[in-house]
1. Go ahead and estimate [θ] at 222 nm for the chain from helices alone: -39,500 (n - 2.57) per DSSP H run with n ≥ 4, summed, over the residue count, rounded to 500.
2. How big is Rg to Rh over the chain, alpha-carbon atoms, Rh as the Kirkwood inverse-mean-distance radius?
3. Roll a 1.4 angstrom probe over the protein heavy atoms and tell me the percent of accessible area of the stretch 1-101 that is carbon or sulfur.
4. Could you work out which residue, out of ALA69, ALA17, ALA80, moves most in a Gaussian network model of the chain, that is, has the largest mean-square fluctuation with Cα springs under 10 Å?
5. Work out the length of the dipole vector of the chain about its Cα centre, built from +1 on the beta-carbon of each Lys and Arg and -1 on the beta-carbon of each Asp and Glu, and round it to the nearest 20 debye.
6. Could you grab the relative contact order for the chain? Cα pairs under 8 Å, six or more apart, rounded to a whole percent.
7. Given a 1.4 Å probe, how much area per residue of the chain is accessible, in Å²?
8. Among the lysines, which fall within straight-line cross-link reach of LYS13, defined as a Cα-Cα distance under 16 Å, with same-chain neighbours fewer than 8 residues apart omitted?
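The values are calculated or read from the model by the stated rules, or taken from the named source; none is laboratory data. Note that the structure is predicted; figures quoted are calculated from it, not measured. Don't worry about glycine lacking a Cβ; one is built from the backbone with ideal geometry, like all the others, and counts go over all protein chains shown. Just so you know, the surface numbers come from the protein's heavy atoms only, side chains and all, with ligands and any DNA or RNA stripped out. Shrake-Rupley method; radii C 1.70, N 1.55, O 1.52, S 1.80 Å.
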Amino acid sequence: MSEETIFRKIINKEIPADILYQDDFVTAFRDISPQAPVHILIIPNKLIATVNDIEVEDEVLVGKLYTVAKKLAQQEGIDASGYRLIMNCNKDGGQEVFHIHLHLLGGENLGKLICAEKTIGE
Ligand code: AMP
């Protein structure tokens, strides 16, 4: 699973996206289909397909996703009210784009679980 995805085109600015942050390592942009008033995706510029593909050498890079998320939460004014950070993995995790991304969700009370459609045991 090393194919480029639509997120590569966003990083390279080949397709439009509402990019909020970009440096040599990380890009962050608003999710096209927001699930909360604030819904931002934070991704490494390097293609890592899934959490299963994160290597020891990627530890600093993956950590940077969190420091960028923290800054964006402050910028969006949701740091004090709170937010949720999610990274889905593969089919059961609901991953659709195979370039790892941290979802930053907030701006309302998200409840205990993000998935309102699923009941345990279904
Ligand atoms: P996941 O299900 O964890 O793989 O999340 C993929 C996310 O990417 C979904 O929340 C989509 O709405 C979002 N997404 C897909 N295409 C785009 C795009 N072109 N611009 C912004 N967000 C996108």
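1. For the chain, the value works out to -6000 deg cm²/dmol.
2. Reported Rg/Rh (Cα atoms, Kirkwood Rh): 0.96.
3. 50 percent
4. ALA80
5. Charge dipole of the chain: 300 debye, to the nearest 20.
6. Reported as a whole number, the value is 29 percent.
7. 63 Å²
8. LYS46
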